[in-house]
Amino acid sequence: MESLLSEYFPILVFLAIAGAIAVAMVAASFVLARQQPNSEKLSPYECGFEPFEDARARFDVRYYLVAILFIIFDLEMTFLFPWAVALSDLGLYGYWSMMVFLGVLTVGFIYEWRKGALEWD
């Protein structure tokens with residue numbers, strides 16, 4: 001058991017050093033940097049304007065459609081990278097399986113395009 005713990009000791013040292021560096025950097029930013037927030041720094045920065053309604057207001061459904069489309073095509077890329085790396089080991093069957101997968105996604109993309117799901121009015 002002791003030899004097993006000694007194998008993990010470098011990882012523990014690495015985590016301790018990384019934690020110490022992180023704490024030192026945050027402490028140094030508080031000590032060395034000027035902490036004078038002004039109205040420009042405290043203004044909203046994500047959308048560019050002050051909130052004008054309740055935060056629980058409903059969003060347009062097109063926002064969710066675009067988000068779902070992004071997730072679908074992002075997952076497509078997630079499958080494409082490992083496939084491309086292992087293509088030589090997969091052979092012809094792996095190649096045509098991915099072509100069928102890409103074909104189904106392309107048909108779905110064309111359907112969404114024709115239905116106007118990608119239009120943002």
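The values are calculated or read from the model by the stated rules, or taken from the named source; none is laboratory data. These numbers were taken from a predicted model, which means no experiment stands behind them. All Cβ positions, glycine included, derive from the backbone under ideal geometry; neighbour counts span all protein chains shown. Only protein heavy atoms, including side chains, enter the accessible area calculation; ligands, DNA and RNA are left aside. Shrake-Rupley method; radii C 1.70, N 1.55, O 1.52, S 1.80 Å.
Annotations for the structure displayed:
The rows are residues; the columns are (1) open to solvent by less than 80 Å² (accessible area, probe 1.4 Å); (2) modelled with pLDDT of 80 or more; (3) not in a loop (DSSP other than H, G, I, E, B).
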| site | (1), (2), (3) |
| --- | --- |
| Tyr8 | no, yes, yes |
| Val26 | no, yes, yes |
| Gln35 | no, no, no |
| Leu65 | yes, no, yes |
| Trp83 | yes, yes, yes |
| Trp96 | no, yes, yes |
| Phe101 | yes, yes, yes |
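- Taken together, the residues in the stretch 107-121 that are assigned to a helix (DSSP H, G or I) and either surrounded by 11 or more Cβ atoms within 10 Å (Cβ to Cβ) or touching a residue at least 40 places away in the same chain (Cβ under 8 Å) (or both) amount to 4.
- Restricting attention to the stretch 40-63 and to residues that are more than 19 Å from Trp113 (Cα to Cα) and open to solvent by less than 100 Å² (accessible area, probe 1.4 Å), the residue that is modelled with the lowest pLDDT turns out to be Gly48.
- Take the conditions (1) at pLDDT below 80; (2) open to solvent by 100 Å² or more (accessible area, probe 1.4 Å); Phe30 misses just one of them, which is (1).
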